[in-house]
1. From (1) touching a residue at least 40 places away in the same chain (Cβ under 8 Å); (2) under 20 Å from the mean Cα position of the chain (by Cα), pick out the condition that doesn't hold for residue 35.
2. Please list, ordered by residue number, the helices (runs of 4 or more DSSP H) wholly in the stretch 1-51 having 3 or more residues that are farther than 24 Å from residue 77 by Cα.
3. Is it the case that residue 61 is in a helix (DSSP H, G or I) and either exposed (fewer than 13 other Cβ atoms within 10 Å of the Cβ) or out of contact with any strand residue (DSSP E or B) (no Cβ under 7 Å at 6 or more places or on another chain) (or both)?
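Rule-based calculations on the coordinates, nothing more; no lab input. Since the model is a prediction, treat every value here as computed from it, not as a measurement. In this analysis, Cβ positions are derived from the backbone assuming ideal geometry, glycine residues included, and neighbour counts consider all displayed protein chains.
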């Protein structure tokens, strides 16, 4: 929601909106997940990784970071394209 609204508000190209939104969400997701992984000494993330047959908590963190980044990137792209669709400049 936030990348969509920011890309809707700021006039950038679709590619730039995607990259900025992807990076923002991926970094936020990675560092918060890493913080939780360190605080719980990997107990929670390692158990969840076992459910998905991953070797440990850090690969799970990388996979979820990429997925979260893609969702944020596409939200930013959608905001940029929505802005372009409703603007007077064609």
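1. The failed condition is (1).
2. Helices (runs of 4 or more DSSP H) meeting the threshold: 14-39, 43-51.
3. So residue 61 passes the test.
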